[in-house]
Structure formats: structure tokens, C-alpha cells
1. Hey, if we sort A:Met61, A:Met21, A:Met102 by accessible area with the 1.4 Å probe, largest down, what's the order?
2. Just the Cα atoms of the stretch A:96-211, one point each, no solvent: what log10 I(q)/I(0) does Debye give at q = 0.12 Å⁻¹?
3. With everything on Cα atoms, drop me the angle between helix B:86-111 and the longest principal axis of chain B, reported from 0 to 90° to the nearest 10.
4. For the pair B:Val26 and A:Asp163, how long in nm is the line joining their label points, each one 7 Å along Cα→Cβ?
5. Which of the lysines could a cross-linker span from A:Lys120 if the Cα-Cα distance has to be under 29 Å and same-chain partners fewer than 8 positions apart are dropped?
6. Can you sort A:Tyr152, A:Tyr47 by solvent-accessible area, 1.4 Å probe, largest first?
7. Just counting partner chain Cβ atoms within 10 Å, what average do the residues of peptide A:227-236 show around their Cβ?
8. Please compute, for peptide A:187-199, the average count of beta-carbon atoms on other protein chains lying within 10 Å of each residue's beta-carbon.
Amino acid sequence: MSTLAVSVWRGGADGRFQTFMVPRLDAQTVLDVVTHIQRRLDPTLAYRFACRVGMCGSCAMTVNGEPRWTCRTHVANVEKNGKLTIAPLAHLPIVRDLVTDMREFFDKWARARGQFQPTKTRRDDVARVAPSSAGRLAVDAAIECIGCGVCYAACEVVAWNPDYLGPAALNRAWTLLNDVRDGAGRARLAAVAGDAGCHACHTHESCSDRCPMHLAPTASIAGLKRATALAALRGEL
Amino acid sequence: MSARAETRLWLAQRASAAVLALCVAVHLVTMIAAVRGGLTAAEMLGRTRGSMAWATFYGLFVLAVSIHAPIGLRTVASEWLGWRGRTADAACTIVAVALLALGARAILAVTR
């Protein structure tokens, strides 16, 4: 049986890589590799996962330098000469080993006013939104984000500007801006404008390139740029 | 800086970029056309001196550069040097004024 030489990040920000030899199996995912290490070789290894089928987004890590869902990444597609390097997601504080602190990532969703602001009560009729309406189509294109943090880890601007809200939070803001039931549009535009918001994006498209859901946060951010620009010209910002 | 001011800076940079795209194209085509018959200071000055059209064109060019470049430098200072806030804004304003003054001086020198 062939083996993989797997370098795994151990410790906190000042940690180091530790190499494990893992049996190479057919249809093996990177999450299978990490799980093998934790269950068979070193039970102190810390990592995070839940669903194992690409629905929860909790197992994202840096695999050979790129952020990925480890559960949906086959070893055959990423191993190089029988070697793998697995590290925690970039741009987030490391708790331990492969586990990052996601608080800042989700706090930025709140800062981008990622909460739905209802305009009706439970006593009102259900809103009727035509599936073919422009707003609904814009929402459909961006709504499937599961908050895995891969786009955030892939974004160069997050590294350069730690205040930058990041692709996921801005993508969320864009979906709400196009939701006709939401009533916080103007305040949301003010929250996402500026050099910590959509205007900081350089359109590198690393987020869109790496998004496991094949969403295009770059397009959402471009939409926010247009919307904020129009609001500024109208004096509404 | 407020969200409104940041958005207006972004708009100004995009608008000045659109002007620059046109100005650079005209400038390059003019240069290529001008050097075909040999390049002399007398020939250039003959074309530009007393020309309101060239003064207006290069005036627009200089204005666009003076708006576009400092806003870009502000971003570079923020992202690469971590230099943000009032001192960075002041430095970029100085760059804008310097570009405008130097550009205006050059235009006056060749068109007056």
C-alpha cells in the first residue's frame, strides 16, 4: 500500500508543520486524511468538521496553499509527488492546529448589516416575489453561500486591509439589498461603502475562483459599488 | 472619512480613469503621428503654441491625472504601508496639488 507524506500545521500562530505518513486509499478525501491522523496517529490533533458532504462548510482548510473544503477535495486532485500540506484557513486567528477562530468573519457579516430587516408583520400577507423579477434573480445568484470562509481566506484585500468586510459579508449584503421585503437598504449601503467595504475590492476574483458553491462574490460586490455610487450621486448615502 | 466621501473618491477615480483612457489614446496616436516626419522642438511648439484646442486637451489630461493618481496612491499607502488617516490624506492632497501645478506649468510652457 502506498503512503502519503502529510505536513499538518500544529499549534497556534507560532506553530510549525508536523509530518505524518498516511495510507493512500482509493477515493480518499483530504478530510479522510485528517481524520485518519486524529484517530490513528495523534488524537491531540484539533480540526473542525460536521456533515462530511459539502453542506455545512465547517471543514475548510488550506490544502497545498489554497483554501478548500477538505470533505469535497479528493487527494488524487491535490497531492503532489505523494505529499500534502494542510494548514488552517488564512486571515483568521488560529485557535489550535487546523481550527481557526471564525468570530471576526461572522462579526463582519453583522457589520455589513447582514441581518434581514422585515417591513411587515406576521399579520400581513406573505410577500409575493415573482421568480423572474430582476431582484429575485440577483438574490438567486448569490444566496447559496454557506459561510465556509473559503472566499475570505482566498481574498488578498483581507490580508492588506484587516478592516475589509470581505467577500462573504458583502455578498450577503447584496442579497438583502435585492430582497424587496427588506427595509434596511439605505443603512446597509452606508455600512458597505468605503475603504473597509465594497470600494476596497480590487476585482482580483480570487473569491469567485475559489468559492466551492461556484458563486461570484465579485459580481455581488460590483453590484454594491454601482448601488452605493448611485446613492452617493442622489445624496442618499 | 465618511462612507459618502469614500464613495465619491471612488467615483472620481473611476470617472478620471475613463477620461484618461481617451486622453492616453489621443496622446499616443499624436506622438506616433508626430514623429513620422522627424521630431524637433520647433515642430512640436509650432503645433501647440497658441492652440486653445491642445491647451484644453492637455488641461483635461492633467486634471484627470491630478485626480486619479493621488486616490490610487492613497490606496497603495493604506494597503502596502498601513498608512491611513489624516496624514495619508494630507500627503495625497499635496501630491494632487503638485501634479496639477507641474502639469499646468508644462501646458503653459508649450501652448502660450
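The values are calculated or read from the model by the stated rules, or taken from the named source; none is laboratory data. Fair warning: this is a prediction, and the values are worked out from it, not measured in the lab. Here Cβ is always computed from backbone atoms with ideal geometry, including for glycine, and neighbour counts include all displayed protein chains. Just the protein is used for accessible areas: all its heavy atoms, side chains included, with ligands, DNA and RNA removed. Shrake-Rupley method; radii C 1.70, N 1.55, O 1.52, S 1.80 Å.
1. A:Met21, A:Met102, A:Met61
2. Results for the stretch A:96-211 at q = 0.12 Å⁻¹ read -0.47.
3. Helix B:86-111 sits roughly 10 degrees off the main axis of chain B.
4. Label at B:Val26, label at A:Asp163, 3.8 nm between them.
5. Straight-line reach from A:Lys120, under 29 Å: A:Lys108, A:Lys225.
6. Final ranking, largest accessible area leading: A:Tyr47, A:Tyr152.
7. 3
8. 4
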